[in-house]
Amino acid sequence: MKKVHNKTWGGKDALMVVIAVMGLIFLLNGVLYFSDARSWFLASTNKSLITIGVFLAQEVIFILPLVILSKKRQLKFSSFGFQAVGWEQTLFLVLKGLGLVVLFNILFAIIVTSFGWEALPGFGDQESHIPLFGTRPFDIVLSIVALIFIAPVVEEFFFRGFLLQTLL
């Protein structure tokens, strides 16, 4: 696999994007707080559309500064370090990554139980986001699309495509 080192992103770009993302997150939280969105959400009969709306707003917050910076600089998709690979290589890398995750989890479980760290913060029961969407079939489909497809794509663009390329 050929390594792609991006010379178009710099530390100043990363700082601008991170500041823009933080500002937009504060703005969204301020709007939600001052509009009393919590009581509006709890009183709503269609929580899934509100949840997907807030979720999509959050995802746009991460992508918008990158889109604006890319357009300003007239950058292409390749600026994010993505490249085409064959299905064989993709399958190999997925299985390799899965194997490393399993190995890491086994080693981590051995270390945690050996030292009695079962109450280590962040490693307890995880809160499910699916109930925020609702329980109807449509709500479940929305949650699957949002949590399994949209979130990972945005995360890849922001962290691997922008921040990692900047650090490289």
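Sorting check: for 45-52, 23-30, which peptide has the highest mean count of neighbouring beta carbons within 10 Å, and how do the rest follow?
Numbers: 45-52: 15.5, 23-30: 12.5.
Taking the mean over residues of other Cβ atoms within 10 Å, the ranking is 45-52, 23-30.
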Quiz item: Going by a ≥ b ≥ c, the root eigenvalues of the Cα gyration tensor, does the stretch 95-168 fall in the rounded group (a/c under 1.5), the prolate group (a/b larger than b/c) or the oblate group?
Solution: oblate
Quiz item: Once the principal axes of the Cα atoms of the stretch 28-72 are found, what is the range along each, listed largest first in whole angstroms?
Solution: 42, 21, 9
Quiz item: Accessible area of Arg160, 1.4 Å probe, to the nearest 10 Å²?
Solution: 130
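Put Asp125, Asp13 in order of accessible area, largest first, 1.4 Å probe: what do you get?
Details: Asp125 160, Asp13 10 Å².
Ranked from most to least accessible, the order is Asp125, Asp13.
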Quiz item: Mind checking which of Thr90, Thr135, Thr113 has the largest fluctuation in a GNM of the chain, springs on alpha carbons under 10 Å?
Solution: Thr113
Exercise. Only helical DSSP H runs with n ≥ 4 go in: add -39500 (n - 2.57) per run for the chain, normalise by residue count and round the 222 nm mean residue ellipticity to 500 deg cm²/dmol.
Key: -20000 deg cm²/dmol
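Per the Kirkwood formula on distinct C-alpha pairs, the Rh of the chain is how many angstrom? Don't skip to the answer; put the middle values down first.
Values: mean 1/r = 0.0517 Å⁻¹.
Over the chain, the inverse of the mean reciprocal pair distance is 19.3 Å.
Quick one: which of 93-104, 146-157 comes out on top by average Cβ neighbours within 10 Å, and what's the full order, highest first?
Values: 93-104: 10.2, 146-157: 14.6.
In decreasing order of mean packing, 93-104, 146-157 become 146-157, 93-104.
How many percent of the accessible area of the chain is carbon or sulfur, using a 1.4 Å probe?
On the way: 8930 of 12370 Å².
Ligands and nucleic acids excluded, carbon and sulfur give 72 percent.
Give me the 1.4 Å probe accessible area per residue for the stretch 1-122, excluding ligands and nucleic acids, in Å². Could you put the intermediate results ahead of the total?
Working: 9140 Å² over 122 residues.
I get 75 Å² per residue for this part.
Using the Kyte-Doolittle scale, which helices in the chain average at least -0.5 and also have C-alpha atoms spread 30 Å or more along the helix axis, with helices defined as whole DSSP H runs? Walk me through the intermediate numbers first.
Values: long enough: 11-34 (34 Å, 1.85); 47-73 (39 Å, 1.26); 87-114 (40 Å, 1.74).
Result, helices passing both filters: 11-34, 47-73, 87-114.
The values are calculated or read from the model by the stated rules, or taken from the named source; none is laboratory data. What you see is a predicted model, and the numbers here were worked out from it, not measured in a lab. FYI the Cβ positions are ideal-geometry reconstructions off the backbone, even for glycines, and counts take in every protein chain you see. The accessibility values were calculated without ligands, DNA or RNA, using every heavy atom of the protein model including side chains. Shrake-Rupley method; radii C 1.70, N 1.55, O 1.52, S 1.80 Å.
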